[in-house]
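Down below is the structure, laid out as structure tokens.
The values are calculated or read from the model by the stated rules, or taken from the named source; none is laboratory data. Note that the structure is predicted; figures quoted are calculated from it, not measured. Here the Cβ positions follow ideal geometry from the backbone for every residue, glycine too, while neighbour counts run over all protein chains shown. Heavy atoms of the whole protein, side chains included, go into the accessibility calculation; ligands, DNA and RNA do not. Shrake-Rupley method; radii C 1.70, N 1.55, O 1.52, S 1.80 Å.
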Amino acid sequence: MIPATAFVLMGGKSERFGSPKWEMDINGKTVLDRIWDSCTKFENRFVIGKNKPSGLSKPFIQDELKINAPINGLYTALKNSTTDWVFLISCDLPLVESDIFLKLWESRLEKCETVIPVSDGKIQVTCGIYHKRILPKMECEIQKENYSLIKLLEKLKTQFVKFGNDNRFWNMNTEKDYEEILNLVSK
């Protein structure tokens with residue numbers, strides 16, 4: 001068991017996608033269920049979003065802030081976690097698997113504050129492990145209206161973990177991305 005809490009971000013308005021991504025079906029499971037099931041090795045699991053959808057039976061925490069940015073989900077996770085480490089995972093990444101989380105967890109260095117995967121040259125800030133001690137720095141950035149997680153990482157002790165060109169980090173932002181993911185998993 002990983003002594004951390006997994007927080008699954010349901011997403012914002014899904015304007016580019018057109019409908020809630022977390023509800024989309026991939027091989028008979030919703031995106032949310034796929035990600036939720038991949039997080040079973042964590043001590044606790046929660047879903048974070050703007051409002052709890054009717055019929056959602058998973059433990060849910062409402063966003064703490066009124067902004068539309070992933071930093072809101074991370075801030076909410078850190079404020080509500082009972083563990084020192086939180087794992088943030090977005091429904092934008094429906095193909096993640098539990099071995100990714102284990103590799104990130106095992107890659108932590110003694111003094112690091114975050115452990116973030118890099119795949120295909122892209123920093124995956126919404127699939128990372130964050131320590132609660134970053135909360136004061138994060139609150140300072142939020143006060144300045146600096147909502148970029150990438151820029152926040154510049155102020156933190158971050159351990160980057162390379163995953164090469166790994167399709168499991170395919171980011172689903174549009175209907176076209178969803179269709180390509182369906183083609184990928186059907187092979």
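Among Asp92, Asp99, which is the only one that is assigned to a helix (DSSP H, G or I) and either in contact (Cβ under 8 Å) with a residue 40 or more places away in the chain or surrounded by fewer than 16 Cβ atoms within 10 Å (Cβ to Cβ) (or both)?
One residue alone meets the criteria, Asp99.
Kindly provide the set of residues from region 1-39 that are modelled with pLDDT of 95 or more and among the β-branched types (Val, Ile, Thr), ordered by number.
Thr5, Val8, Ile35
In region 68-89, what residues are assigned to a loop (DSSP other than H, G, I, E, B) and open to solvent by 30 Å² or more (accessible area, probe 1.4 Å)? Even if it seems obvious, please write down each step before you answer.
Residues of region 68-89 that are assigned to a loop (DSSP other than H, G, I, E, B), as a first pass: 68-69, 81-84.
Residues satisfying the conditions are Asn68, Thr82, Asp84.
Can you report the number of residues in region 60-110 which are farther than 16 Å from Phe7 by Cβ and among the aliphatic types (A, V, I, L, M)?
The total comes to 4.
Restricting to region 39-67, count the residues that are open to solvent by less than 50 Å² (accessible area, probe 1.4 Å) and outside any strand (DSSP E or B).
Here the count works out to 7.
Just a yes or no: is a residue in region 9-18 in a strand (DSSP E or B) and farther than 19 Å from Val185 by Cα?
Yes, region 9-18 has at least one match.
Looking only at region 140-187, which residues are in contact with a Lys or Arg (Cβ under 7 Å, 6 or more places away or on another chain), open to solvent by less than 90 Å² (accessible area, probe 1.4 Å), more than 22 Å from Trp105 (Cβ to Cβ) and not hydrophobic (A, V, I, L, M, F, W, C)?
Residues satisfying the conditions are Asn173, Thr174.
List the pairs whose first member sits in region 28-41 and is farther than 18 Å from Asn171 by Cα and without any contact (Cβ under 8 Å) to a residue 40 or more places away in the chain, whose second member is open to solvent by less than 10 Å² (accessible area, probe 1.4 Å) and not polar (S, T, N, Q), and whose Cβ atoms are under 7 Å apart, counting only residues at least 6 apart or on separate chains?
none
Residues to consider are Ala77, Ala69; find the one that is under 16 Å from the mean Cα position of the chain (by Cα), modelled with pLDDT of 95 or more and not charged (D, E, K, R). Steps first, please.
Values: Ala69 fails: modelled with pLDDT of 95 or more.
After applying the criteria, what remains is Ala77.
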